[in-house]
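**Q** Pasting in a structure now, in structure tokens, and then I'll have a few things to ask.
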Amino acid sequence: MSVESDRGRARRAPHRDGRPTGHREGRPTSGGGPSRAQLQAELTRLVGPLVAEQGLDLEELDVKPAGRRRLVRVVVDADGGVSLDDVASLNQTVSSALDDTDVMGNAPYVLEVTSPGVDRPLTEPRHWRRATGRLVRTALADGGQVEGRVVAADDDAVVLEIAGRRRRFGHGELGRGRVQVEFRRPEERVEGRAGSGDDDDEPADPGTDEAGN
């Protein structure tokens, strides 16, 4: 789903990849403006606190040419995910803030507020925490790569289940991780198996692995 706003009036429409997106077109004007890097820095200072006030994390803010306009793309996330209402509310808040300032200068622009896609790299502890239960592939700082399921994660470490064994990695040992697309995740297969009678596993502690490290 997506939210498109036209002079403050919002309507809902399907988005091609199903992720919540807020989309707003700014008023076209003429003239120059700051460089892309300067504009991104100014927008981050403006938008960052607005995102935090709504209990969200600002994952990315990018400005790039889009035809005769510029696309301002704001990517946000939160524990438990981001809803369509979250995106619509933030879109309106950011739109109002841009209208009240001259940060965009005289250039026309399009504002897009969205949540991360599944291909977002895992680079921060919160990314790994939000990927709990997902199959990931990640490079290792000392070379090579591993693929496993995120069992637990906190600000210090990540526990991956690799070939049936759990291994603990400090964040400094991991490179950029990527969530792997699965058509059916293991818990879905278990839930679909009638009469299994298996109890859920206890959550893992990121502070230890199976060897007690």
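The values are calculated or read from the model by the stated rules, or taken from the named source; none is laboratory data. Keep in mind the model is a prediction, meaning the values are calculated, not measured. Reconstructed Cβ throughout: ideal geometry from the backbone, glycine too, with neighbour counts over all protein chains shown.
**Q** For the range 125-146, enumerate the residues that are hydroxyl-bearing (Ser, Thr, Tyr) and either closer than 14 Å to GLY170 by Cα or in contact with a Pro (Cβ under 6 Å, 6 or more places away or on another chain) (or both).
**A** THR138
**Q** Follow-up. Can we say PRO108 is surrounded by 14 or more Cβ atoms within 10 Å (Cβ to Cβ), closer than 27 Å to GLN40 by Cα and modelled with pLDDT of 90 or more?
**A** Criteria not met by PRO108.
Here's the yes/no breakdown for (1) out of contact with any Ser or Thr (no Cβ under 7 Å at 6 or more places or on another chain); (2) at pLDDT 95 or above; (3) hydroxyl-bearing (Ser, Thr, Tyr); (4) surrounded by 13 or more Cβ atoms within 10 Å (Cβ to Cβ):
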residue: ARG24; (1), (2), (3), (4): no, no, no, yes
residue: GLY31; (1), (2), (3), (4): yes, no, no, no
residue: GLU42; (1), (2), (3), (4): yes, no, no, yes
residue: PRO49; (1), (2), (3), (4): yes, yes, no, no
residue: ALA52; (1), (2), (3), (4): yes, yes, no, no
residue: VAL63; (1), (2), (3), (4): yes, no, no, yes
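**Q** So if I check each of THR132, THR138, which one is in contact (Cβ under 8 Å) with a residue 40 or more places away in the chain, assigned by TED's automatic domain parsing to the domain that holds GLY177 and of a type in the set (Ser, Thr, Tyr)?
**A** THR138
**Q** Turning to a different aspect of this structure: Here is a check on your reading of the model: is ASP79 under 14 Å from the mean Cα position of the chain (by Cα), outside the structural domain of ARG129 (by TED's automatic domain parsing), under 29 Å from ASP154 (Cβ atoms) and at pLDDT 95 or above?
**A** For ASP79, the condition - under 14 Å from the mean Cα position of the chain (by Cα), outside the structural domain of ARG129 (by TED's automatic domain parsing), under 29 Å from ASP154 (Cβ atoms) and at pLDDT 95 or above - is not met.
**Q** While we're on this one: If you go through the range 111-127, how many residues are among the acidic types (Asp, Glu) and either on the phi > 0 side of the Ramachandran plot or surrounded by fewer than 16 Cβ atoms within 10 Å (Cβ to Cβ) (or both)? Walk me through how you get there before you give the answer.
**A** Step one: filter the range 111-127 for residues among the acidic types (Asp, Glu), giving 112, 119, 124.
Narrowing the set further to residues that are either on the phi > 0 side of the Ramachandran plot or surrounded by fewer than 16 Cβ atoms within 10 Å (Cβ to Cβ) (or both) leaves 119, 124.
Summing the residues that are among the acidic types (Asp, Glu) and either on the phi > 0 side of the Ramachandran plot or surrounded by fewer than 16 Cβ atoms within 10 Å (Cβ to Cβ) (or both) in the range 111-127 gives 2.
**Q** Of ALA153, ALA157, which residue is in contact with a helix residue (DSSP H, G or I) (Cβ under 6 Å, 6 or more places away or on another chain) and over 13 Å from ASP77 (Cβ atoms)?
**A** Only one candidate passes the filter, namely ALA153.
**Q** Hey, which of the strands (runs of 3 or more DSSP E) in the range 35-116, taking only ones fully inside, have at least 3 residues that are farther than 30 Å from GLY133 by Cα and in contact (Cβ under 8 Å) with a residue 60 or more places away in the chain?
**A** Numbers: elements: 57-66, 69-77, 109-114.
Strands (runs of 3 or more DSSP E) meeting the threshold: 109-114.
**Q** Next question, about the same structure. Considering the range 128-157 alone, what residues qualify as being surrounded by fewer than 21 Cβ atoms within 10 Å (Cβ to Cβ) and outside any strand (DSSP E or B)?
**A** Correct list: ARG129, ALA131, THR132, GLY133, ARG134, ALA141, ASP142, GLY143, GLY144, ASP154, ASP155, ASP156.
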